[in-house]
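Reading through the structure tokens given below for one structure.
Each reported figure results from applying straightforward, stated rules to the coordinates on display, with no laboratory input. Small disclaimer: the values here were computed from a predicted structure and weren't measured. Virtual Cβ from ideal backbone geometry, glycine too; neighbours counted across all protein chains shown.
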Amino acid sequence: MQIFKILSVLLCYPEQELVDAVPELKDCLNKLKIDSTFLSPLLTELSEKELLTLQEEYVNLFDRGRNHSLHMFEHIHGEDRIRGQALVDLMNEYQNNGFELSVVDELPDYLPLFLEYLSVCEEKQAIQLLTAAIDVIGHIGKKLQDTNSAYVGIFSLLEQYSTAKPVPLVTPPIRDMDEALEKFGPNIEGIEPLLQPNTCKICPTYDQNKGGSHGLPR
């Protein structure tokens, strides 16, 4: 779906190439009949602000602190070791479908990269994967709304394409496994707390009946 490619581009670090492409992006959005209320504030900022200002604001918003991080699993797993397996599974999802990473030094849970992947998927699959990630996307969007950021329109638009409404995320897990064991201990089956299964639907190893131990929850 072309709209996911456009949103991926808009969510990337602003370069002169992006600023120059704003008229073309507006034309594409008009052809796709996308509601302009979602993206107009961001497109206006990209057109009117100095590039250095755009870049500074982007870094302050997305790269400093965890609240608005564009790495989706960070909002679920933090720095816990379980995130590593989630990243591996998502990378396998990409590779098994012939998707090569356009940014080789970026983690697979980077939202612009995920959106780029959705843009090359069949529409049904793209919507399913988006819906699987909508809780995290909604979480980031809510944080951006609290700051009155123009980027919130991207997240609001993504919610329009999801077949489910975002559910608030639970408190992120404790970052250290030993600390978690000390506080909670294993569950009744002897499973370490941070390895207890959730219900990931984004990765191909997900089992709807058994759940999984990684990924985006639904």
Protection proxy (average C-beta count within 10 Å per residue), highest first, orders 110-116, 42-48, 87-93 as 110-116, 87-93, 42-48
Non-local residues with an amide H under 5 Å from the amide H of SER69, with H modelled 1.01 Å from N and Pro and chain starts lacking one, are none
Placing one equal point scatterer on each C-alpha of the range 102-157 and summing with Debye, one gets log10 I(q)/I(0) at q = 0.28 Å⁻¹ equal to -1.13
Scoring the range 99-160 by relative contact order with C-alpha pairs under 8 Å, at least six apart, yields a percentage of 22 percent
Protection proxy (average C-beta count within 10 Å per residue), highest first, orders 131-139, 56-64 as 131-139, 56-64
Whole-percent tail of the Cα-Cα distance distribution for the range 1-84, cut at 14 Å, equals 68 percent
Expressed as a percent, the portion of alpha-carbon pairs in the range 2-47 spaced more than 12 Å apart is 59 percent
